[in-house]
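J.: Dumping the structure here so I can ask a few things about it.
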Amino acid sequence: MRTFILSGLWFAAAAVAFGQPAPNVSFSYRTEAAATATALPVNGQMTLTTTAGTPLTAFVVVENRGADAWTISRVNVTGQAFALLATGPQVVAGGAAAVVPVRFAPAAQGTWTEVLAVTVANAAGTSVVTYNFFVRGTGLGAEMVASYFLAAGGNQLLLQSGDRLGFPETGAGQSAAATVVVLNRGTAAGAVRSVGVQGERFRLTGLPLLPATVGAERELRFGIVFEPVGGEAAVGQLSLEYGDGRRLEVALAGRGVAAVFTYTATVEGGAAVRLAPGGTLQLPETAAGATVTVTMMVRNEGSASGRVGTIATTNAVFRLVNLPPLPATLAPGGTVSWQMAFTARESGRSVGRLVVELAEFGLEAVSVAPRLTYAVRVGDAVTPVAEGGTVIFPNVTVGSSNEIGLVVTNGGNAAAQILGLSVSGRGFVVRGAPGMPLALAVGASREFVLRFRPDAVGPLSGTVQIDDRVLPLLGVGLMPGPAPGVQFTGMGGTVNSLEQPAVGLVLERPYEAELTGRLTLSFLPDSFGDDPSIQFATGGRTVEFRVPAGTVEAVFGEGVRAMPLQTGTVAGTITLGVTWLVGAVNVTPSPAPAKSMVVAGGPPVLRNVAVGARSGNTIELLITGLSPLRSVSQLGLQFTAAPGARLETTELSLNVEAAFGAWYQGATARTFGSQFTAAVTIVVQSGQASAVQGVAVTAINGRGSSNRLSVAVR
């Protein structure tokens, strides 16, 4: 018998009879949500955690690692929070495993530590072993507590249903605030399902989206604002519902302290006039460009301080000047003043509202000034342009244009003078603008011609500005038809290396608008590696051109109607493609026009043979040429004897395939196409190099032998 003592609890793993075989078993466990099992040593601890009220099942796995069968004869777990879901005997064959389900069902939050005992016996019952384990379960739960504190910095106070939350006395138009704190003192997440206030002088602030989850040891905050409008008492109620259905009902109370404001207006040079809220202040007639100023004053004739937080007008023509710092607090008998200026600009009557906190006053003024109105003429139809309206052009195809008349009329009561006219925006211009300034008598009109020539499909916007008035412009460019077919001139089906054909473009028929475009060159080599020398004479592999409206021939630059290109030195296919544009609109037909020509792949071409370094018995040859296939397999050398000399070797054939392959596949060769310079050193093993009069060289690739070049070496 083995006995273990831990914190006053004892555990044992005992065999009934000595000398009997002991089981070879191991233990592990996993919960319902766990993907893998956790090893469980004898006298070890199984840890389970779940929310109070939510049962959790753990599966204890008993694995028989021996050859003989054993029986789980008895399983027991202590404590009311734990229960066994299966208690009957289980036979575990050798190499097999059995499962003992244990359920942890905490009714409330807390932690329980109990003992799980598993008894295993052999078939004869002569060997019985009990294995003990700690089972530690933790039940999680939420504990929601509400409290509040006032913005003035008071203490935080607990809130329970039936309590009263009172605000301090607050001036009318001002506010007092309280912060409500909902704290979760539990070990699991709780929730706030809803929050509301009743009472027209109370409102919520800073409330998050509900329902809201509040984690353990976390809090949710929101504010309650009391805003009285006069000297009256206000009552209300705060209602809060937790996630478990419990409700918090708290009474709200506050009292407003009112101030009584009076208002006066003094027009410059005149006497002060008392204004009643809702009344109208009439300003004298004012000539264009002149300004009339009114001094406004607010006095607090009440018994409590009052707040002026807002001073504003609803019409920008009535400008506020020398405003005091806001908000301004007026003690009983206190005043605050500022100026309001009206500058006459457009003729006619101007109206607005003056807002002083909660009081409003009408404003009226008459301006003596010109007043310009705008209309659009399309053909014989004339349409007025409303204030804030847009001048709309008829739709037109990209590459074409249309015109409208912008009619400006002086409908005011004084002569006008137009100082400037400008048009901005893609595709919009003014045609034949008159000189400025331009006088416009009362009732007179003047028409300006605006032109719209779109360069893109879809709506295009711009503006026309007359002095300080800006009118939006809107026109729609329609999709033009595709470009006609095109013929490529100056291109044969096959060209040789280092040629310079000149390519032209001719439309099958004239196009109604000017076409611009791009001619693009691409090259597909027959062998590995591009040839950067294949390009247009202007450099690069793209070139711009245009075709004037009503013509058929493309023009490259100033009068150039055919663009030369370099065919390079590498065999392959050169393809020319065309992109057509009208303005910024692509009108390339489908499929896009293209034409190809083949750079012939033939035998190597030798361009020069020179003698490099030499000594008594060596001669270096420098062989320059090109091989369109980017390969050379052999170099042929034929020697001519000097007068009176005799050569034992008159011909050599050199296998150079590997050397040329390495050259053409290297990074340096890519900038040279198929061109090469080969250095060949000839060593005279018997005699002197002076016996050689000259050398003739040929090169061979898969298409045949090159031309023959000779060089004198003496």
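J.: Rg/Rh for the stretch 349-459 to two decimals, with Rh computed the Kirkwood way over all alpha-carbon pairs. Mind dumping the intermediate values first?
T.: Details: Rg = 18.6 Å, Rh = 16.7 Å.
Ratio of gyration radius to Kirkwood radius: 1.12.
J.: Given a 1.4 Å probe and every protein chain left where it sits, what share in percent of the accessible area of the stretch 63-107 is carbon and sulfur? Numbers along the way, then the final one.
T.: Details: 1130 of 2340 Å².
So the carbon and sulfur contribution to the accessible surface is 48 percent.
J.: Given 5 Å bins starting at zero, what is the percent of C-alpha pairs of the stretch 125-225 in each, up to the one with the largest pair distance?
T.: Reading the bins upward from 0: 2, 10, 17, 18, 15, 9, 5, 4, 3, 3, 3, 2, 2, 2, 1, 1, 0, 0, 0.
J.: Counting only heavy atoms of protein chains, what accessible area per residue, in Å², does the stretch 25-109 have with a probe of 1.4 Å? Mind dumping the intermediate values first?
T.: Numbers: 4240 Å² over 85 residues.
I get 50 Å² per residue for this part.
J.: Please compute the net charge surrounding ALA212, taking Lys and Arg as +1 and Asp and Glu as -1 over other residues with Cβ under 12 Å from its Cβ. If you can, show how the numbers build up before the last one.
T.: Numbers: positive: ARG193, ARG218, ARG221; negative: GLU219, GLU241.
Every neighbour counted, the sum reads +1.
J.: With a 1.4 Å probe and all protein chains left in place, how much accessible area per residue does the stretch 558-701 have, in Å²? Walk me through the numbers on the way to the answer.
T.: Working: 6640 Å² over 144 residues.
Ligands and nucleic acids excluded, the result is 46 Å² per residue.
J.: Fully extended, how many nm does the chain gain between THR280 and VAL321 (0.36 nm per residue separation, minus their Cα-Cα distance)? Write out the running numbers ahead of the final one.
T.: Details: separation 41, 0.36 × 41 = 14.76 nm, distance 1.96 nm.
Extra length from THR280 to VAL321 when fully extended: 12.8 nm.
J.: Over what distance in Å are the Cα centres of the stretch 129-205 and the stretch 347-362 separated?
T.: Comparing the Cα centres of the stretch 129-205 and the stretch 347-362, I get a distance of 46 Å.
J.: First measure r as the distance between the Cβ atoms of ALA93 and ALA662, then evaluate 1/(1 + (r/R0)^6) with R0 = 56 Å and state the FRET efficiency to the nearest 0.05.
T.: Details: r = 71 Å, r/R0 = 1.26.
Efficiency for this residue pair is about 0.20.
J.: Which entry is the computed Rg and Dmax of the Cα atoms in Å for this structure: (i) 48.3, 193; (ii) 50.2, 140; (iii) 28.1, 103?
T.: For Rg and Dmax of the Cα atoms in Å, the calculated option is (ii).
J.: How much accessible surface area, in Å² rounded to 10, belongs to the heavy atoms of ASP380 with a 1.4 Å probe?
T.: About 150 Å², ignoring ligands and nucleic acids.
J.: Along the charge dipole of the chain, Cβ charges K/R +1 and D/E -1, which of LEU275, VAL503, ILE418 sits furthest on the positive end?
T.: Most positive-ward Cα: VAL503.
J.: So, counting K/R as plus one and D/E as minus one, what does the shell of residues with Cβ under 9 Å around GLY405 add up to?
T.: Details: positive: ARG377; negative: GLU403, GLU447.
In short, -1.
J.: Run the simple label-point estimate for ALA502 and THR38 please: 7 Å along Cα→C-beta, distance reported in nm.
T.: Going from the ALA502 label point to the THR38 one covers 8.9 nm.
J.: Modelling each spin label as a point 7 Å along the Cα-to-Cβ direction, I'd like the THR677/THR335 distance in nm, to one decimal.
T.: 10.0 nm
J.: In deg cm²/dmol and to the nearest 500, what is the mean residue ellipticity at 222 nm of the chain if only DSSP H runs of at least 4 residues count, each as -39500 (n - 2.57), divided by the residue total?
T.: On the way: 1 runs with 9 residues, N = 714.
That comes out to -500 deg cm²/dmol.
J.: Using the Karplus curve 6.51 cos²θ - 1.76 cosθ + 1.60 with θ = phi - 60°, what ³J(HN,Hα) values do you get for each residue of the stretch 165-179, in whole Hz, with x for Gly and Pro?
T.: 10, x, 9, x, 4, 10, x, 4, x, 9, 8, 10, 10, 10, 10
J.: Tell me, what % of the accessible area of the stretch 519-602 is carbon and sulfur with a 1.4 angstrom probe?
T.: For the stretch 519-602, the apolar C and S fraction of the accessible surface comes to 57 percent.
J.: Stretch ASN655-THR551 to full length: gain in nm at 0.36 nm per residue minus the Cα-Cα span? Kindly include the intermediate steps, with their values, before the conclusion.
T.: Details: separation 104, 0.36 × 104 = 37.44 nm, distance 5.84 nm.
Extra length from ASN655 to THR551 when fully extended: 31.6 nm.
J.: Continuing with the same structure: Grab the Cα-Cα distance for ALA123 and ARG708, subtract it from 0.36 nm times how many residues apart they are, and report the gain in nm with one decimal.
T.: On the way: separation 585, 0.36 × 585 = 210.60 nm, distance 10.30 nm.
Here the answer is 200.3 nm.
J.: Keeping every protein chain present and rolling a 1.4 Å probe, give me the accessible area per residue for the stretch 133-284 in Å².
T.: Details: 7440 Å² over 152 residues.
Per residue, the stretch 133-284 has an accessible area of 49 Å².
J.: Determine the dipole magnitude for the chain: charges of +1 sit on the beta-carbon of Lys and Arg, -1 on that of Asp and Glu, nothing else is charged, the reference point is the Cα centre, and the result goes in debye to the nearest 20.
T.: Working: 45 positive and 43 negative charges, 168 e Å.
It works out to roughly 800 debye.
J.: Cα extents of the stretch 444-539 along the three principal axes, largest first, in whole Å?
T.: Projected onto its principal axes, the Cα set of the stretch 444-539 covers 76, 31, 21 Å.
J.: What whole number of Å gives the distance from the Cα centroid of the stretch 216-245 to the Cα centroid of the stretch 634-668?
T.: 102 Å
J.: Same structure, new question: 5 Å is the cut-off here: which amide hydrogens, built 1.01 Å from N in the peptide plane, fall below it relative to VAL25, excluding neighbours closer than 5 in sequence?
T.: ARG65
J.: Using the Karplus curve 6.51 cos²θ - 1.76 cosθ + 1.60 with θ = phi - 60°, work out ³J(HN,Hα) for each residue of the stretch 540-546 in order, rounded to whole Hz, and write x for Gly and Pro.
T.: Listing the rounded values in order: x, 10, 10, 8, 8, 8, 9 Hz.
J.: List residues of the stretch 367-381, by number, whose backbone nitrogen lies under 14 Å from a label position 7 Å along Cα→C-beta of ALA415.
T.: The answer is 370.
The values are calculated or read from the model by the stated rules, or taken from the named source; none is laboratory data. What you are looking at is a predicted structure, and each value in this text was computed from that prediction instead of being measured. Neighbour counts are summed over all protein chains in view; Cβ atoms, including those assigned to glycine, are modelled from backbone coordinates with ideal geometry. These accessible areas exclude ligands, DNA and RNA; they are computed on the full protein's heavy atoms, side chains included. Shrake-Rupley method; radii C 1.70, N 1.55, O 1.52, S 1.80 Å.
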